[in-house]
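K.L.:
I'd like to ask you about the structure that follows.
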Amino acid sequence: MIEVEPYSDDITCIKTATSQDGGHPIMWVYSYKILNTLFDGGAANAREEFREYLDDVTIDAVYISHSHEDHIGCVDILDGKVPIYAWKSAIDLLRDPPELPEFFQFVWGQPLPTKNVESMPSTFDVGQYHFDVIAVPGHQEDMVAFFETNHRWLFSADAVPLPSRKYIAMPDENVPRMIATLERLQTLEIEILFDAHRGPIQSPRDHIQKRIDYLKETQQRVKEMDKEGLDYTQMMEKLELNPPWYVEMTKDRFAIEFFLRSLLRDEP
Ligand SMILES: [Zn+2]
């Protein structure tokens with residue numbers, strides 16, 4: 001399913017999701033259109049609706065924040081038609097997307113190959129808007145965000161955790177690096193945060209700080225429990241963390257243990 005919500009004259013939110021229970025989204029992911037430029041390519045289960053939307057608008061370029069399937073799912077529609085830019089590993093993933101586990105085919109959908117992908121520039125202009133491409137590692141090692149330097153808008157992809165109290169992670173997520181990225185974002189004096197799952201956020205400073213504080217406090221507690229010799233199961237009990245209903249179905253793509261292990265072992 002798709003919902004298109006104009007944010008301003010020049011910015012449009014394009015929300016895509018898999019529909020379930022008679023038209024409810026499992027989870028929205030936002031792509032953004034700034035004038036004729038698209039940031040990220042939505043979820044593949046909304047491909048036909050995304051195609052219909054693209055038939056009605058003009059797109060001149062696409063910039064991809066990172067290679068997770070909910071950000072590249074409909075990009076193949078524009079393959080060979082407009083320049084598509086991505087950073088490092090995302091280029092290979094776009095050209096040859098791996099077959100997703102069944103659960104993620106259900107949640108987001110299977111991306112199709114996008115063969116014509118170019119290297120991400122370090123800056124670019126969209127009309128009167130000037131963007132810096134900034135590295136925001138943590139959630140994914142080579143994820144990038146797009147920062148409009150005059151209006152101080154940040155299109156942050158998945159750099160800022162969706163829940164205020166994150167507690168599951170993927171095995172390759174580096175939570176200490178995520179914290180360092182969040183602290184660096186606080187120095188940018190962002191006016192509007194265009195989050196990929198929450199949409200535009202008007203007071204990003206508090207929103208980001210809440211997540212930094214929680215993650216640092218949790219890291220401190222996990223380190224103390226590790227010194228006391230507690231294992232991950234005991235830590236989960238003490239922190240009162242219970243796995244969400246779907247975690248088994250992710251087949252080890254998400255787990256509380258990955259989150260705790262990263263807080264304990266990874267370097268920022
Ligand atoms: Zn992601």
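The values are calculated or read from the model by the stated rules, or taken from the named source; none is laboratory data. In this text the structure is predicted, and so the values were computed from the model without any measurement. Quick reminder, even Gly has a Cβ in these numbers, built from the backbone with ideal geometry, and neighbours come from all protein chains shown.
K.L.:
Which one of these does residue 227 not meet: (1) surrounded by fewer than 19 Cβ atoms within 10 Å (Cβ to Cβ); (2) under 27 Å from residue 40 (Cα atoms); (3) not acidic (Asp, Glu)?
P.N.:
(2)
K.L.:
Being modelled with pLDDT of 95 or more, over 17 Å from the mean Cα position of the chain (by Cα) and aromatic (Phe, Trp, Tyr) narrows it down to one of 124, 106, so name that one.
P.N.:
124
K.L.:
Right, another one. How many residues are of a type outside the set (Val, Ile, Thr), crowded, with 23+ Cβ neighbours inside 10 Å, within 16 Å of the ligand (Cβ to nearest atom) and not in a helix (DSSP H, G or I) when one looks only at region 30-64?
P.N.:
Looking only at that region, the number is 8.
K.L.:
Continuing with the same structure: Among (1) away from the ligand (no atom under 16 Å from the Cβ); (2) surrounded by 18 or more Cβ atoms within 10 Å (Cβ to Cβ); (3) not in a loop (DSSP other than H, G, I, E, B), there is one condition residue 220 misses while meeting the rest; what is its number?
P.N.:
Of everything listed in (1) away from the ligand (no atom under 16 Å from the Cβ); (2) surrounded by 18 or more Cβ atoms within 10 Å (Cβ to Cβ); (3) not in a loop (DSSP other than H, G, I, E, B), residue 220 misses just condition (2).
K.L.:
Have a look at 156, 67 and point out the one that is in a loop (DSSP other than H, G, I, E, B) and either crowded, with 20+ Cβ neighbours inside 10 Å or small (Gly, Ala, Ser) (or both).
P.N.:
67
K.L.:
OK, next. Considering each of 14, 77 in turn, give the residue that is part of a strand (DSSP E or B), β-branched (Val, Ile, Thr) and within 18 Å of residue 108 (Cβ to Cβ).
P.N.:
Criteria check complete, one pass: 14.
K.L.:
In region 138-149, how many are within 12 Å of the ligand (Cβ to nearest atom) and free of Cβ contacts under 8 Å to residues at least 60 places away in the same chain?
P.N.:
The total comes to 2.
K.L.:
So, in region 131-153, how many residues would count as being more than 17 Å from residue 203 (Cα to Cα), assigned to a strand (DSSP E or B) and in contact with a Phe, Trp or Tyr (Cβ under 7 Å, 6 or more places away or on another chain)?
P.N.:
7
K.L.:
Same structure, new question: Assess whether residue 124 counts as being part of a strand (DSSP E or B) and either out of contact with any helix residue (DSSP H, G or I) (no Cβ under 9 Å at 6 or more places or on another chain) or closer than 29 Å to residue 262 by Cα (or both).
P.N.:
yes
K.L.:
For residues that are among the hydroxyl-bearing types (Ser, Thr, Tyr) and closer than 22 Å to residue 177 by Cβ, scanning just region 230-267, find the one that is surrounded by the fewest Cβ atoms within 10 Å (Cβ to Cβ).
P.N.:
Here the residue is 250.
K.L.:
Would you be able to say whether some residue in region 173-190 is more than 12 Å from the ligand (Cβ to nearest atom), on the phi > 0 side of the Ramachandran plot and either within 15 Å of the chain's Cα centre (by Cα) or assigned to a loop (DSSP other than H, G, I, E, B) (or both)?
P.N.:
The answer is yes, given that some residue of region 173-190 is more than 12 Å from the ligand (Cβ to nearest atom), on the phi > 0 side of the Ramachandran plot and either within 15 Å of the chain's Cα centre (by Cα) or assigned to a loop (DSSP other than H, G, I, E, B) (or both).
K.L.:
What are the residue pairs meeting all of these: first residue in region 112-129, first residue under 12 Å from residue 37 (Cβ atoms), second residue surrounded by 13 or more Cβ atoms within 10 Å (Cβ to Cβ), Cβ atoms under 6 Å, and 6 or more apart or on different chains?
P.N.:
What qualifies is 124/131; 126/34; 126/35; 126/37; 127/35; 129/148.
K.L.:
Follow-up question, since we're still on this one. State which residue pairs qualify: first residue closer than 14 Å to residue 163 by Cα and within 16 Å of the ligand (Cβ to nearest atom) and inside region 192-208, second residue of a type in the set (Asp, Glu) and not in a helix (DSSP H, G or I) in any location, beta carbons under 6 Å apart, and separation of 6 or more residues or different chains.
P.N.:
Qualifying pairs under 6 Å: 196/158.
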